[in-house]
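The values are calculated or read from the model by the stated rules, or taken from the named source; none is laboratory data. Predicted model, so just to flag it, every value in this text is computed and none were measured. Here the Cβ positions follow ideal geometry from the backbone for every residue, glycine too, while neighbour counts run over all protein chains shown.
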Ligand code: NAD
């Protein structure tokens, strides 16, 4: 199936640069093509967005809200079709796409459709000076949204929904590795009555299409989620043009387990926080630190549970772990398992590719647990972004805090304990944008989302996102 760009509400514009193959990770076969969009294609998308802006930015909040909520409803009505498409494109179990990815994409539109009706500007009375200030929150104009392959529609819409809710028009690019649901979203937007040009979706490689969006002199803000190296490059290109930037980047998140936690809940959640979506979630707790008094018990129980996870075709209902997203990614993840061996770590379970009958060329890997001797080894420091976790024991709160913070990343951290004072101390000290205590990946869309250090700059979510996609203009009136 050939995917087309969605520009000015239209899928029929010719492509200048040719096509890129799109793979199905569950069987390794090419099942379609996507446009290799050029600078000219991005320019067309920009022009469509620019001409839609004057009208969209003046559309009432109620009308914008109505359209966003309509998109949300249409996504829900098409849940099965979207979940199957997401799974085929990404390799994730259909059950996961049905439970998490597509419902969350629908929630993104519903949430920001509601949030925009509650987003108010501030006023400040300058007492004693006979003046009043009020602050306008005006849309920026045309903005760029660039997203990765791990949660394709979920993260794509997490940017687009607040961008259009605030009255901007968008040039968006999904990952070239998982373009399908972004393509289908265009149809839904037309059906929901989103005016032409408000959202434009261009497909293609990061280094050409993505780069053209970031370099475009009149695309004034970039919301990017992806790898840290790409984020650094984007910052370098965008900084001299003084673009607003939101960068949500990589992670290497600690999962810290104290002996006083609720053990069963911790164990079940840790299996999920390690291997959900084949471990390809930026929030996965890929470094597990366990208090030494329960370390041997945890190790035995965790290995047993992980060995029982079923690696299989994404469409099978009993599959826990589907295919990794691509051949190069599978090779990268496998190379870290070799590095672990060279570093003298112990592979407690997994470590090998899996052949799924009938799908021998798919990209399947066993969930892998690596026991490391030191937190300073490469597998414990570098982002692997696959079904691979490290585990090691710790003695004291100070020791584990130091190890937790001793990586370049700072996205999220999970803490398992029932000790209130320790919870408060550690939550204060952990270098992360998000700390979960006795849970993982529980999301309230009003909360700030983002990381510190090499995990990014800026926050998404709630009013943070609405602020990012608007310019504050203060008006001071003397009377
Ligand atoms: P990536 O950086 O390779 O690509 C992300 C997107 O950027 C893609 O659409 C790609 O085409 C585009 N891109 C690449 N080069 C570009 C350039 N020069 N200019 C503009 N755009 C460019 O990342 P990926 O491999 O798709 O995703 C995995 C990474 O994303 C991991 O590091 C993961 O931790 C991170 N991630 C972070 C979050 C978060 O919220 N912090 C969420 C999900 C994924």
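Scan region 444-462 and give yes if some residue there is under 29 Å from residue 116 (Cβ atoms) and without any contact (Cβ under 8 Å) to a residue 12 or more places away in the chain, otherwise no. Looking through region 444-462, at least one residue is under 29 Å from residue 116 (Cβ atoms) and without any contact (Cβ under 8 Å) to a residue 12 or more places away in the chain. Scanning region 4-36 for residues that are under 14 Å from residue 186 (Cβ atoms) and either at pLDDT 95 or above or outside any loop (DSSP other than H, G, I, E, B) (or both) gives 4, 5, 6, 7, 8, 9, 10, 11, 34, 35.
Taking the condition out of contact with any strand residue (DSSP E or B) (no Cβ under 6 Å at 6 or more places or on another chain), in a loop (DSSP other than H, G, I, E, B) and at positive phi, does residue 362 pass? Answer is no for this residue.
The condition (being without any contact (Cβ under 8 Å) to a residue 60 or more places away in the chain and either out of contact with any strand residue (DSSP E or B) (no Cβ under 9 Å at 6 or more places or on another chain) or under 21 Å from residue 372 (Cβ atoms) (or both)) is satisfied by just one residue among 294, 256, 288: 294.
When residue 173 is tested against (1) over 23 Å from residue 2 (Cα atoms); (2) within 16 Å of the ligand (Cβ to nearest atom), only condition (1) is not met.
The lone criterion from (1) more than 22 Å from residue 176 (Cα to Cα); (2) in a helix (DSSP H, G or I) left unmet by residue 161 is number (1). Please enumerate the residues belonging to region 223-238 that are near the ligand (Cβ under 8 Å from one of its atoms) and more than 30 Å from residue 372 (Cα to Cα). Hits for region 223-238 are 224, 233, 234, 237. The residue that is nearest to the ligand (Cβ to nearest atom), among those in region 204-219 that are in contact (Cβ under 8 Å) with a residue 60 or more places away in the chain and out of contact with any helix residue (DSSP H, G or I) (no Cβ under 7 Å at 6 or more places or on another chain), is 210. Taking region 239-354 and the strands (runs of 3 or more DSSP E) fully enclosed by it, the elements with 1 or more residues that are in contact with a helix residue (DSSP H, G or I) (Cβ under 8 Å, 6 or more places away or on another chain) and away from the ligand (no atom under 16 Å from the Cβ) are at 254-257, 287-291, 346-349. Among the residues of region 454-479, just one is more than 12 Å from the ligand (Cβ to nearest atom) and at positive phi, namely 462. The residues on offer are 90, 130, and the sole one that is at pLDDT 95 or above, over 21 Å from residue 464 (Cβ atoms) and surrounded by fewer than 16 Cβ atoms within 10 Å (Cβ to Cβ) is 130. Of everything in region 405-421 that is within 22 Å of the chain's Cα centre (by Cα) and crowded, with 19+ Cβ neighbours inside 10 Å, the residue that is nearest to the ligand (Cβ to nearest atom) is 411. Among the residues of region 315-346, the one identified as surrounded by fewer than 18 Cβ atoms within 10 Å (Cβ to Cβ) and in contact with a strand residue (DSSP E or B) (Cβ under 6 Å, 6 or more places away or on another chain) is 346. The number of residues in region 262-298 being farther than 28 Å from residue 92 by Cα and surrounded by 24 or more Cβ atoms within 10 Å (Cβ to Cβ) comes to 1. Check region 47-61 and report whether any residue there is in a helix (DSSP H, G or I), modelled with pLDDT of 95 or more, in contact with a helix residue (DSSP H, G or I) (Cβ under 7 Å, 6 or more places away or on another chain) and under 30 Å from residue 121 (Cβ atoms). The answer is yes; a qualifying residue exists. Any residue that is over 15 Å from the mean Cα position of the chain (by Cα), within 22 Å of residue 81 (Cβ to Cβ) and in a helix (DSSP H, G or I) - is there at least one of those in region 113-131? Within region 113-131 (the criterion being over 15 Å from the mean Cα position of the chain (by Cα), within 22 Å of residue 81 (Cβ to Cβ) and in a helix (DSSP H, G or I)), the answer is yes, since at least one residue qualifies. One residue stands out in region 147-158 among those that are crowded, with 24+ Cβ neighbours inside 10 Å and not in a loop (DSSP other than H, G, I, E, B): the one that is nearest to the ligand (Cβ to nearest atom), namely 155.
More than 16 Å from the ligand (Cβ to nearest atom), assigned to a helix (DSSP H, G or I) and either surrounded by 22 or more Cβ atoms within 10 Å (Cβ to Cβ) or in contact (Cβ under 8 Å) with a residue 40 or more places away in the chain (or both): is that true of residue 83 in this structure? Yes: the conditions hold for residue 83.
For residue 188, the conditions (1) under 15 Å from the mean Cα position of the chain (by Cα); (2) within 16 Å of residue 6 (Cβ to Cβ) are fulfilled apart from (1).
Does at least one position in region 188-196 carry a residue that is in a helix (DSSP H, G or I) and within 15 Å of the ligand (Cβ to nearest atom)? Checking region 188-196: not a single residue is in a helix (DSSP H, G or I) and within 15 Å of the ligand (Cβ to nearest atom).
Scanning region 200-230 for residues that are within 15 Å of residue 457 (Cβ to Cβ) and in a strand (DSSP E or B) yields 221, 222, 223, 224, 225.
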